[in-house]
1. Which residues, taken from the range 48-74, are under 30 Å from V151 (Cβ atoms) and crowded, with 19+ Cβ neighbours inside 10 Å?
2. Would you be able to tell me the number of residues in the range 75-104 that are exposed (fewer than 13 other Cβ atoms within 10 Å of the Cβ), farther than 26 Å from L147 by Cα, more than 15 Å from the chain's Cα centre (by Cα) and not polar (S, T, N, Q)?
3. Working only within the range 107-120, note down all residues that are surrounded by 14 or more Cβ atoms within 10 Å (Cβ to Cβ) and farther than 27 Å from G133 by Cβ.
4. Looking at (1) at negative phi; (2) of a type outside the set (S, T, Y); (3) more than 17 Å from the chain's Cα centre (by Cα), can you tell me which one L128 breaks?
Amino acid sequence: MEKQKTIEALQFFVTGLSEGAFVHKMQGQIFNSEGFTKLGQKYIDHFNEEMGWVEKFTERILDLGGEIKFEGMKSRDLICDPIEYIKADLAIQVQGVDILRKCIATLVDDPTTYDILKAYLLDEEEDLYWSEGALDLIEKIGKQNWLFMQV
């Protein structure tokens, strides 16, 4: 097992996931303010779930003797239209799941980290499927009907 390679991979996810989590939190607050409380709460809960993964990754870095870095977050546009946000988030999720799968394949010699990232992949795939399902449902029942379900 190459500890440094594992630490760098985990740090990459700590940084990216922290950034994404905060965006989900802010998007949830925006949706709540627009009256879409179910959707808003979904993204606020998603923030909490993602921060739980950040904690697991951070703990693993420390277990391996690594140092945690707080790397700056990139500026990202917030999107007020819920459907446009789901589309944008789905594009990020697809890319993220692909990166995660490739990373996991390189860490098979570290079963502990491999198992943590494999569990995280399952969680991310579930989120991806939710977004795909929401967009499919919007197409079937219409934007206004779907938005009404989010009130």
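Each value in this text was obtained by applying a stated rule to the coordinates, not by laboratory testing. These figures come from a predicted structure and were not determined experimentally. Note that each Cβ is placed from the backbone with ideal geometry, even for glycine, and that neighbours are counted across all protein chains shown.
1. Restricting attention to the range 48-74, the residues satisfying the condition of being under 30 Å from V151 (Cβ atoms) are 48-53.
Residues satisfying the conditions are E50, W53.
2. The qualifying residues number 1.
3. Those that are surrounded by 14 or more Cβ atoms within 10 Å (Cβ to Cβ) and farther than 27 Å from G133 by Cβ: L107, D110, T113, Y114.
4. Checking L128 against (1) at negative phi; (2) of a type outside the set (S, T, Y); (3) more than 17 Å from the chain's Cα centre (by Cα), the one that fails is (3).
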